[in-house]
Amino acid sequence: MLSVRKVSKTYRKRGRPIHAVRDLSIEIEPGEFVVVHGPSGSGKSTLLLLLGGMLPPDAGEVLFDSADVYRWSPRQRNRFRKRTVGFVFQRYCLVPYLSVLDNIRVPLAIARDKTETDAEIVALAKRLRIEDRLDHRPGELSAGEQQRAAVARAMVGGKSLILADEPTGNLDAPYAEIIAECFIEERKRGRTILLVTHDTSLLGIGTKDVRLVEGRFDPAKTAAEPNGNGPGRSVEKRS
């Protein structure tokens, strides 16, 4: 289980406090697919960084299997990120001098994981419609192709927790559907997924929807029970 208990994080800009998240609490069960939605600046990316062991809170606890992630040593947190967390960054963070194939392999190299074969990576790339771009470098790809390469990188290695920051932000409707279906399928395979987005067409694809506004969860706009759609539904078509 992944738990956030009364977590707050404040930044300072030009001497002024910016309250990114305030007194947040949420529990995510293994195998859940939680969609956190809200406008830009509502604290969604900060929440993901807190959950991924990359940003210590000012107050509160982030618990993984009942252990406080920020009471671990840096080496323990690093192991947690390498072995457990697949992260889809909003700005892709692809290595510019590596091919798409080698970018997708990066988490495997870091974790020294030799169990995933190139054939399995190619199969994942086909699911994301980038199999013909594996020998390209990121600068030769469109923004949407880079986005899908970043998703593929997060999926390799069998990580149990996937944290996705606006994974459909640069995608047209047909490719947004492909990404949504990929997450739905991974949830069926037992992965826990937390996806943050401002895109309301993604509501309902997971097991629970949560709205975040100005760093706080809005209880009036939060689905306390799983969505009544089994493993999820296809993302709505967008113009």
When the chain is treated as a Gaussian network with springs between alpha carbons less than 10 Å apart, the largest mean-square fluctuation among Ser142, Ser99, Ser201 is found at Ser142
The relative contact order of the chain, taking Cα pairs under 8 Å that sit 6 or more residues apart, comes to a percentage of 27 percent
The size of the Cβ-based charge dipole (Lys, Arg +1; Asp, Glu -1) of the range 73-196 about the Cα centre, to the nearest 20 debye, is 880 debye
For the range 1-61, listing trypsin sites (Lys or Arg not before Pro) in a DSSP loop whose Cβ sees at most 10 other Cβ atoms within 10 Å gives Arg14
Least to most buried among Met155, Met54, by other C-beta atoms within 10 Å and fewest first, runs Met54, Met155
If amide H atoms are modeled at 1.01 Å from N in the peptide plane, then the residues at a separation of 5 or more from Glu32, or on another chain, having amide H under 5 Å from its own are Ile193
The extension gain from Tyr97 to Ser25, computed as 0.36 nm times the residue separation minus the Cα-Cα distance, is 21.9 nm
Row for the range 18-101, column shape: gyration tensor on C-alpha, a ≥ b ≥ c, rounded if a/c < 1.5 i.e. under 1.5, prolate if a/b over b/c, else oblate; value oblate
Stretched fully, the stretch from Arg216 through Lys13 gains (0.36 nm per residue minus C-alpha distance, one decimal, in nm) 71.1 nm
Checked against the positive end of the charge dipole of the chain (+1 on Cβ of Lys and Arg, -1 on Cβ of Asp and Glu, about the Cα centre), the farthest of Leu47, Ala143, Thr200 is Leu47
If R0 = 22 Å, then Gln76 and Ser160, at their Cβ-Cβ distance, give a FRET efficiency to the nearest 0.05 of 0.85
Sorting Gly60, Phe80, Ile121 by the position of each Cα along the dipole of the chain (Lys, Arg +1; Asp, Glu -1; all at Cβ), the one nearest the positive end of that ordering is Gly60
Taking a crude spin-label model, label points 7 Å out from Cα along the C-beta direction, the Met1 to Lys114 distance in nm is 3.9 nm
Note on the range 83-218: contact order normalised by length, alpha-carbon pairs under 8 Å, 6 or more apart, percent, works out to 30 percent
The answer for the net charge of residues other than Ala123 whose Cβ lies under 11 angstrom from its Cβ, with Lys and Arg +1 and Asp and Glu -1, is -2
Given unit charges at Cβ for Lys, Arg (+) and Asp, Glu (-), the dipole magnitude of the chain about its Cα centre in debye, nearest 20, is 880 debye
When the chain is treated as a Gaussian network with springs between alpha carbons less than 10 Å apart, the largest mean-square fluctuation among Gly53, Gly204, Gly41 is found at Gly41
Calculated from DSSP helices alone, with each H run of at least 4 adding -39500 (n - 2.57) and the total divided by the residues of the chain, [θ]222 nm to the nearest 500 comes to -9000 deg cm²/dmol
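All of the numbers you see were taken from the coordinates with simple rules; none came from a lab. None of these values were measured; they are calculated from a predicted model. FYI the Cβ positions are ideal-geometry reconstructions off the backbone, even for glycines, and counts take in every protein chain you see.
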